[in-house]
1. Which residues' amide hydrogens lie under 5 Å from the amide hydrogen of Leu75, considering only partners 5 or more residues apart or on another chain, with H built in the peptide plane?
2. Indicate the gyration tensor shape class of region 162-271 (rounded, prolate or oblate), computed on the Cα atoms with a ≥ b ≥ c the square roots of the eigenvalues: a/c under 1.5 is rounded; otherwise a/b larger than b/c is prolate and the rest oblate.
3. Exposure proxy check: Met300, Met333 ranked by fewest other beta carbons within 10 Å?
4. For a test of the definition: using alpha carbon positions, the gyration tensor, and the 1.5 limit on a/c, classify region 84-226 as rounded, prolate or oblate.
5. Give me the angle, in degrees from 0 to 90, between the Cα long axis of helix 107-117 and the longest principal axis of the Cα atoms of the chain, rounded to the nearest 10.
6. Percent antiparallel among DSSP beta bridges with both residues in the chain, to the nearest 5?
7. Filter the cross-link list Lys88/Lys268; Lys70/Lys351; Lys349/Lys374; Lys346/Lys374; Lys23/Lys44; Lys70/Lys390 down to pairs whose alpha-carbon distance in this structure exceeds 25 Å.
8. Looking at region 168-255, which GluC sites (Glu not before Pro) are in a loop (DSSP not H, G, I, E or B) and have at most 11 other Cβ atoms within 10 Å?
Amino acid sequence: MKKLLISAIAVLAVTAVSAQDEKPNPGAPYVFTEVVDVPATPVKDQASSGTCWSFAGIGLIESELLRTGKGEYDLSEMFIARWCYYDKAVKYVRMHGTINFGAGGSTEDVFNVWERYGLVPEEVYSGLQYGSDSHNHSEVDAALTAYVKSIINGSTLTTAWKDGINGILDAYFGPLPETFTYNGVEYTPKTFAESLGISPDDYVSFTSYTHHPFYETFIFEVPDNWAWEPSWNVPFEELMQIVDYSLENGYTVNWGADVSEPGFQTAKGYAVVPTMYVREKEGTEESRWVPVPTSQQRSMMANLKEPVDPIEITQEMRQEAFDNYQTTDDHGMLITGIAKDQNGNKFYKVKNSWGDTGVYHGYFYASWPFVAYKTNQIAVHKNAIPKEIKKKLGIK
């Protein structure tokens, strides 16, 4: 691994491709100028729930409806989450408790629910049936986990255990709607989804790791991929090409990433890759490279005074971080644009699901190296894939 002497992050130059919009942040190290800004719906708040993946996936669908001229929709994330809790419980019991059961998931879960069960507007199904105006799943997560664990401890299963799961889910999220009226038209969840004019079959998932062959699919080995959905494996340079091509052609990018890094400073409006090594006693005979403790890295990242030089990201770095549990499947978000800092370095505009927080009101800017290094998976519309990559993969 190549180690460079820097104080913080890495970024690459970007060519402006649209009207520029400067985003100053007084007193912060970065001034961002947006060069691509794909339309997105308002930022939402997952609050005290582990459903970022549902918010990111629904955000992608809502942006796709804007892109295709269907207008602005506010779709229900909890309709997706509620179905996934049920399907996950069924699989957990079928696997005798040997798979992950929890609140986490992936964008593929959103596509699966969309295809199998449909979609509904937020006003039809908020999932807030427990006396709160914001999502808080601590109680329901504990109840569901205890229930499914008790089921697998039995010697045989009764015919009632699935009704028990639905009873818990109905109590917290509310019964699933069979029909509803929206804008004067009666729908089922399936007919409403069909009325939107877009299809879950048109979205493709990608990742980039060397423990599987490139240009083939594999089931990404992370706990939250409980549905065992496959992703295409491509070199990370091509993964980043897909991100850029998508945004430059008006498509948002669903982004699953590790956000445990010290450089993930969304309150300050940026996510960057800190250096792991610094020069000790520079200019003396004792000068040497020494590791920077994580706590010190975090402090450095939170108190940056100015942008600094880039660090090189390699395929080997990505693999090492994943193999050593330094890159984990933490969080799902939506990339909606490309920006540059005052030095011309490339960043990506990211829509988060933590409400109107931080200096950019729910958005932040992730450096090119952060995205290149810390991406687990992305999902994009098939038409947002560069033609040469589609040809290699045989995607029509």
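1. Glu122
2. prolate
3. Working: Met300 17, Met333 27.
Ordered by Cβ neighbours within 10 Å, fewest first: Met300, Met333.
4. oblate
5. 20
6. Bridges in the chain that DSSP calls antiparallel: roughly 90 percent.
7. Numbers: Lys88/Lys268 36 Å; Lys70/Lys351 21 Å; Lys349/Lys374 15 Å; Lys346/Lys374 16 Å; Lys23/Lys44 21 Å; Lys70/Lys390 27 Å.
Checking Cα-Cα distances, Lys88/Lys268; Lys70/Lys390 exceed 25 Å.
8. Working: sites: Glu178, Glu186, Glu194, Glu216, Glu221, Glu237, Glu238, Glu248; in loops: Glu178, Glu221.
Passing both the DSSP loop test and the Cβ count: Glu178.
Taken together, the values in this text are just the output of simple stated rules run on the coordinates, not laboratory data. Small disclaimer: the values here were computed from a predicted structure and weren't measured. Quick reminder, even Gly has a Cβ in these numbers, built from the backbone with ideal geometry, and neighbours come from all protein chains shown.
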